[in-house]
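**Student:** What follows is a structure written as structure tokens; I'll ask about it next.
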Amino acid sequence: MLLIPGPVEVPRSVREASTLVVNHRSEKFREIVRKLESLMNKHFSASRTALLTGSGTLAVEAMVYSLIKPNEKVISFPYGEFGNRLVDSLRRRGAQVKVYEKKIGEIFSIEEIKKALDENKDATAVALVHNETSSGMAFRNLEDVVSEAKRRGLKILVDSVSGFAAYKLLVNEWKIDAVATGSQKALASVPGMSFVALSDEGIEELQGESLPSYLDISLHLKFQDKGETPFTPAVGVFNASLRAAELLEIEGIENRWKRHEACARFVREVLSSYGFSLFGNEDNFSNTVVASVPPIPDYRKKLLNEFNIEISGGMGELKEKIVRIGLLGVVDNRAVNRLLEATAKLLDKNYEYLPPRECKLPELLEKEVEWS
């Protein structure tokens, strides 16, 4: 059973859809492109969504290169490994980056955000990570952060690679310029595809000149207007992601938000009672990754060897120090029960907990997912 921060377990029909091989200039593939963008626009509540062949990092870098100019001043708030990578992407673009940093396991308050924005009146943009899988923490108050940035007339770019579909996120209503995500996260598709969702404001900010073609979002959108992609896409992954987007439509985006939060809260509650030292608190915990220090050595290794449950270790400063449990995509009550029952056995404890009903998948999806 795969419970890492991505790739994730996928529904049977998504896996089957990934095997498609078809002419990428055919009408059949054009229909996939049109349907997929339409659904992703709806799920993001966005005006347009660029469909990219590549990982979430490609989406982040395409977003940065397409909306930020060289020498533009950008404020960033890293609180983990992926926040640091975003800063690196901004610097590679040639931006002047004002970085406010936090120690691992901490995150910024809204008061700190406001103060930083007021200290940099010459800045033109804010770029941040929505959900940080390296530390199991997130900007749960993203709407408030966006509001403060927009109130000051700043562009805002959001890396929500591991956040999209796991939290409320409304691109147009909140006036976010751009949001990046990947196929292999809470969308519950196979790896190999990424997305950049844009508001009307974000579309107006697109830079098209002097960009590497693969990072030029305006070029991708121009081809999508014809139901095509500018370069040869991963046709099977596009088809799988279309099926994943259709299943998200069936579940309902709000229900998926609720399921991720319910499962994460439940896992945190039980692990805390078992003596795990958790990262994050009620104001900033991640809906997609539970990061903690386990009460026994070799917890991760024992889960895999004795129960065939795979979770992740730490990254960067937290390497070999914590474990990270991925709860993205189609993780449900059955998956968390199996994880927590195994944990109870390893700790010689009784497992007497019941997941909340919001942690359950709808019947159609439940039939497509086997946790073996």
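The values are calculated or read from the model by the stated rules, or taken from the named source; none is laboratory data. Quantities reported herein were computed from a predicted structural model and do not represent experimental measurements. Using ideal geometry, Cβ is built from the backbone for each residue, glycine included, and neighbour counts are taken over all protein chains shown. Quick note on the areas: whole protein, heavy atoms, side chains included, nothing else; ligands and nucleic acids left out. Shrake-Rupley method; radii C 1.70, N 1.55, O 1.52, S 1.80 Å.
**Student:** Return the percentage of antiparallel bridges among DSSP beta bridges fully within the stretch 116-203, rounded to the nearest 5 %. Let's see the in-between values first.
**Tutor:** On the way: 7 of 16 bridges.
If I count the DSSP bridges inside the stretch 116-203, around 45 percent turn out antiparallel.
**Student:** When the distances between all Cα atoms of the stretch 175-271 are binned every 10 Å from zero, what whole-number percent does each bin get?
**Tutor:** Values per bin, smallest distances first: 13, 35, 34, 13, 5, 0.
**Student:** Before anything else, pin down the relative contact order of the stretch 1-138: Cα pairs under 8 Å, at least 6 apart, normalised by residue count, whole percent. List each step's numbers first, then the result.
**Tutor:** Details: 138 pairs, mean separation 28.6, N = 138.
About 21 percent, as a whole number.
**Student:** Could you tell me the relative contact order of the stretch 218-372? Use alpha-carbon pairs under 8 Å, at least six residues apart, and round to a whole percent. All intermediate terms of the calculation are to be shown ahead of the outcome.
**Tutor:** Values: 159 pairs, mean separation 37.0, N = 155.
After rounding, I find 24 percent.
**Student:** Once you order the gyration tensor axes a ≥ b ≥ c over the Cα atoms, which shape class does the stretch 251-320 get: rounded for a/c under 1.5, otherwise prolate or oblate by comparing a/b with b/c? Kindly include the intermediate steps, with their values, before the conclusion.
**Tutor:** Values: a/c = 1.87, a/b = 1.55, b/c = 1.20.
Prolate, because a/c is 1.5 or more and a/b exceeds b/c.
**Student:** How large is ³J(HN,Hα) for each residue in the stretch 219-234, as worked out from phi by the Karplus curve 6.51 cos²θ - 1.76 cosθ + 1.60 (θ = phi - 60°), to whole Hz, x for Gly and Pro?
**Tutor:** My calculation for the stretch 219-234 gives 5, 4, 5, 4, 6, 5, 4, 9, x, 10, 10, x, 10, 4, x, 7 Hz in order.
**Student:** What residues have an amide H closer than 5 Å to that of residue 73, excluding those fewer than 5 places away on the same chain, when H is modeled at 1.01 Å from N in the peptide plane?
**Tutor:** For residue 73, whose amide H was placed from the backbone, the distant partners under 5 Å are 96, 124.
**Student:** Under the Kirkwood approximation for Rh and a Cα-based Rg, what ratio Rg/Rh is obtained for the stretch 308-372? Working shown, then result.
**Tutor:** Values: Rg = 13.9 Å, Rh = 13.6 Å.
My calculation of the ratio gives 1.03.
**Student:** Along the charge dipole of the chain, Cβ charges K/R +1 and D/E -1, which of 190, 74, 20 sits furthest on the positive end?
**Tutor:** Looking along the dipole axis, the top candidate is 20.
**Student:** Please give the peptides 311-323, 236-248, 77-89 ranked by average Cβ packing (other Cβ atoms within 10 Å per residue), highest first, as a rough proxy for protection. Please list the in-between numbers first.
**Tutor:** Numbers: 311-323: 16.5, 236-248: 24.3, 77-89: 21.8.
Going by the mean number of other Cβ atoms within 10 Å, highest first, we get 236-248, 77-89, 311-323.
**Student:** List the residues, sorted by chain then number, that are 5 or more residues from residue 48 or on another chain and whose placed amide H is less than 5 Å from its amide H.
**Tutor:** Close amide H contacts, sequence-distant or interchain: 198.
**Student:** Which value, in Å² and to the nearest 10, is the accessible area of residue 298 when all protein chains are kept and the probe is 1.4 Å?
**Tutor:** Looks like 100 Å² after rounding.
**Student:** Calculate the dipole size of the stretch 194-292 relative to its Cα centre from +1 charges on Lys and Arg beta carbons and -1 charges on Asp and Glu beta carbons; express the result in debye to the nearest 20.
**Tutor:** On the way: 8 positive and 16 negative charges, 123 e Å.
Roughly 580 debye, rounded to the nearest 20.
**Student:** Which value in Å is the Kirkwood Rh of the stretch 61-100 over different Cα pairs?
**Tutor:** On the way: mean 1/r = 0.1014 Å⁻¹.
Its Kirkwood hydrodynamic radius stands at 9.9 Å.
**Student:** Among 179, 1, 161, whose Cα sits farthest toward the positive end of the charge dipole of the chain (+1 at Cβ of Lys/Arg, -1 at Cβ of Asp/Glu, about the Cα centre)?
**Tutor:** It is 1, whose Cα lies furthest towards the positive end.
**Student:** Per-residue ellipticity at 222 nm for the chain, helices alone: DSSP H runs ≥ 4 residues times -39500 (n - 2.57), over residue total, nearest 500 deg cm²/dmol? It would help to have the intermediate numbers written out before the result.
**Tutor:** Working: 14 runs with 153 residues, N = 372.
Mean residue ellipticity at 222 nm (helix-derived): -12500 deg cm²/dmol.
**Student:** Quote the Stokes-Einstein diffusion coefficient, in whole µm² s⁻¹, for the stretch 20-154, based on the Kirkwood radius over alpha carbon pairs, a temperature of 20 °C and a viscosity of 1.002 mPa s.
**Tutor:** Details: Rh = 16.7 Å.
The diffusion coefficient I find is 129 µm²/s.
**Student:** Still on this model: Across the stretch 37-46, in residue order, what do the Karplus-derived ³J(HN,Hα) couplings come to in whole Hz, using 6.51 cos²θ - 1.76 cosθ + 1.60 with θ = phi - 60° and x for Gly and Pro?
**Tutor:** Once rounded to whole Hz, the list reads 5, 4, 5, 5, 4, 5, 5, 7, 6, 10.
**Student:** If you don't mind, another one. In this model, which of 155/258; 102/150; 42/168; 35/222; 98/185; 121/175 are farther than 18 Å apart at the alpha-carbon?
**Tutor:** Numbers: 155/258 29 Å; 102/150 23 Å; 42/168 13 Å; 35/222 16 Å; 98/185 29 Å; 121/175 20 Å.
Beyond 18 Å between Cα atoms: 155/258; 102/150; 98/185; 121/175.
**Student:** Ignoring ligands, DNA and RNA, what percent of the 1.4 Å accessible area of the chain is carbon and sulfur? Display every interim value, and only then the final one.
**Tutor:** On the way: 6830 of 14990 Å².
For the chain, the apolar C and S fraction of the accessible surface comes to 46 percent.
**Student:** While we're on this one: Considering the dipole of the stretch 283-363 built from charges on the beta carbon (Lys and Arg +1, Asp and Glu -1) around the Cα centre, which of 344, 304, 291 is farthest to its positive end?
**Tutor:** Among 344, 304, 291, the one farthest towards the positive end of the dipole of the stretch 283-363 is 304.
**Student:** Moving to a separate point now. Summing Lys, Arg as +1 and Asp, Glu as -1, what charge do residues with Cβ under 15 Å from the Cβ of residue 317 carry, residue 317 excluded? Present the calculation step by step, with values, prior to reporting the outcome.
**Tutor:** Values: positive: 85, 102, 103, 319, 321, 324; negative: 81, 101, 106, 132, 320.
Value of the local net charge: +1.
**Student:** Treating only the Cβ atoms of Lys and Arg (+1) and Asp and Glu (-1) as charged, compute the dipole magnitude of the stretch 1-119 about its Cα centre; round to the nearest 20 debye.
**Tutor:** Details: 20 positive and 15 negative charges, 95 e Å.
Charge dipole of the stretch 1-119: 460 debye, to the nearest 20.
**Student:** In percent, how large is the relative contact order of the chain, given Cα pairs closer than 8 Å and 6 or more residues apart?
**Tutor:** Values: 794 pairs, mean separation 91.8, N = 372.
Reported relative contact order: 25 percent.
**Student:** Could you pull the accessible area for residue 38 with a 1.4 Å probe, rounded to 10 Å²?
**Tutor:** For residue 38, solvent-accessible area is about 70 Å².
**Student:** Under a 5 Å amide H to amide H cut-off, with H placed in plane at 1.01 Å, what residues pair with residue 327 once short-range neighbours are removed?
**Tutor:** It is 289, 290, by chain and number.
**Student:** I would also like to ask the following. For the stretch 60-130 and the stretch 296-327, write down the distance between their C-alpha centroids in whole Å.
**Tutor:** The distance from the Cα centre of the stretch 60-130 to that of the stretch 296-327 comes to 30 Å.
**Student:** How much accessible area per residue does the chain have, counting only protein heavy atoms and a probe of 1.4 Å, in square angstrom? Don't jump to the answer; show the numbers that get you there.
**Tutor:** Numbers: 14990 Å² over 372 residues.
With all protein chains present, the chain gives 40 Å² per residue.
**Student:** Something else now. In whole Hz, what ³J(HN,Hα) sequence does the stretch 250-263 give by Karplus (6.51, -1.76, 1.60; θ = phi - 60°), x for Gly and Pro?
**Tutor:** Per residue, the Karplus-derived 3J(HN,Hα) values read 5, 5, x, 4, 5, 5, 5, 3, 5, 5, 4, 5, 5, 5 Hz.
**Student:** Considering only lysines 8 or more places apart in sequence, or on different chains, count the pairs in the stretch 274-372 whose C-alpha atoms sit under 17 Å apart. Don't skip to the end; give the middle numbers.
**Tutor:** On the way: 301/319; 301/321; 301/345; 302/321; 302/345; 302/349.
Total qualifying Lys-Lys pairs in the stretch 274-372 comes to 6.
**Student:** State, to one decimal in nm², a quarter of the convex hull surface area for the C-alpha atoms of the chain, i.e. the direction-averaged projected area. Numbers along the way, then the final one.
**Tutor:** Working: hull surface 68.8 nm².
With the hull built on Cα positions only, its mean projection is 17.2 nm².
**Student:** Over all distinct Cα pairs, what is the inverse of the mean 1/r for the stretch 68-137, reported as the Kirkwood hydrodynamic radius in Å? Write out the running numbers ahead of the final one.
**Tutor:** Values: mean 1/r = 0.0815 Å⁻¹.
Evaluated over the stretch 68-137, this radius sits at 12.3 Å.
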